[in-house]
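This report concerns only the one structure given below.
The values are calculated or read from the model by the stated rules, or taken from the named source; none is laboratory data. All figures in this text were calculated on a predicted structure; none of them were measured in a lab. Note that we place each Cβ from the backbone using ideal geometry, even for glycine, and neighbour counts take in every protein chain shown.
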Amino acid sequence: MKQLGTLYFFCGKMGAGKSTKSKQLAIEKHAVLLSEDEWLSSLYPNQITSFEDYLKFSAQLKPMVKKHVQSILSVGTDVVMDFPGNTQKQRKWFLDIASEVNASHQLIFLNLNNEQCLRQIVKRRNEQPERAAFDTEATFIHVTKFFEAPEASEGLNILEYGGKE
């Protein structure tokens with residue numbers, strides 16, 4: 001029987017390091033890296049100016065991405081998805097992608113506290129000025145309200161990394 005790829009995805013608050021870790025993991029695993037930010041900025045240039053815009057365009061993207069990822073997994077290639085898995089609903093989407101094609105999965109939970117995330121957001125804003133309008137403490141506080149830490153009952157293979165203080 002042909003070996004299927006593994007789907008890797010992330011959970012962590014804004015600023016926890018999901019994008020950085022996803023790039024490192026894709027290199028380590030010789031995997032295909034898919035970034036939601038890249039897809040959204042390519043398909044909807046200058047159209048995402050609010051969290052509501054993000055939610056709308058992200059939802060439009062998901063059916064196409066799901067099929068694409070399942071095709072890649074089916075030929076035996078690992079996929080690292082830099083898409084948020086920060087709510088049970090989002091994580092269920094990733095689980096469905098993998099389980100519908102009988103591929104394995106790994107959720108990487110970057111469990112950093114608010115202070116650690118905010119410090120990293122300030123650093124990122126300085127390194128990537130183009131993100132300064134979105135990467136604010138107000139945005140962090142808003143999106144963190146929706147954050148749900150993963151639970152065993154979700155049926156996920158979870159690898160947790162704690163914050164280093």
Legend entry - Residue satisfying condition, being touching a Ser or Thr at 6+ places or on another chain (Cβ under 9 Å) and among the aliphatic types (A, V, I, L, M), within set Leu25, Leu33, Leu95: Leu33
Inset, instruction - Please work out if Phe146 is more than 15 Å from Phe10 (Cβ to Cβ), assigned to a helix (DSSP H, G or I), aromatic (Phe, Trp, Tyr) and in contact (Cβ under 8 Å) with a residue 60 or more places away in the chain. - result: no
Inset, instruction - Please determine, by comparing only the residues of segment 12-31 that are modelled with pLDDT under 95 and of a type in the set (S, T, N, Q), which one is nearest to Phe134 (Cα to Cα). - result: Ser19
Legend entry - Single residue of segment 1-37 satisfying the filter (acidic (Asp, Glu) and touching a residue at least 12 places away in the same chain (Cβ under 8 Å)) that is surrounded by the fewest Cβ atoms within 10 Å (Cβ to Cβ): Asp37
Legend entry - Some residue of segment 82-93 being among the basic types (Lys, Arg), touching a residue at least 40 places away in the same chain (Cβ under 8 Å) and within 23 Å of Gln24 (Cα to Cα): yes
Legend entry - Yes/no for Glu165 being assigned to a loop (DSSP other than H, G, I, E, B), modelled with pLDDT under 90 and surrounded by fewer than 13 Cβ atoms within 10 Å (Cβ to Cβ): yes
Inset, instruction - Starting from segment 106-134, take each residue that is in contact (Cβ under 8 Å) with a residue 60 or more places away in the chain and list its partners that are surrounded by 12 or more Cβ atoms within 10 Å (Cβ to Cβ) and among the β-branched types (Val, Ile, Thr), counting only C-beta distances under 6 angstrom and pairs at least six apart or across chains. - result: Leu107/Ile158; Phe109/Ile158
Inset, instruction - Test Asp82 against the stated conditions and say whether it is closer than 16 Å to Ser19 by Cβ and in contact with a strand residue (DSSP E or B) (Cβ under 9 Å, 6 or more places away or on another chain). - result: yes
Inset, instruction - Test Asp53 against the criterion of being surrounded by 13 or more Cβ atoms within 10 Å (Cβ to Cβ) and closer than 18 Å to Ile121 by Cα, and give yes or no. - result: no
Inset, instruction - List every residue pair whose Cβ atoms lie under 7 Å apart, where the two residues are 6 or more positions apart in sequence or sit on different chains, the first residue falls within segment 62-80 and is surrounded by 15 or more Cβ atoms within 10 Å (Cβ to Cβ), and the second residue, located anywhere, is modelled with pLDDT of 95 or more and of a type in the set (S, T, N, Q). - result: Asp78/Thr6; Val80/Ser22
Inset, instruction - Run Asn102 past the list (1) touching an Asp or Glu at 6+ places or on another chain (Cβ under 9 Å); (2) at positive phi and report the number of the one that doesn't hold. - result: (1)
Inset, instruction - Answer yes or no as to whether Leu95 is over 25 Å from Ile48 (Cβ atoms), surrounded by 16 or more Cβ atoms within 10 Å (Cβ to Cβ), hydrophobic (A, V, I, L, M, F, W, C) and touching a Phe, Trp or Tyr at 6+ places or on another chain (Cβ under 8 Å). - result: no
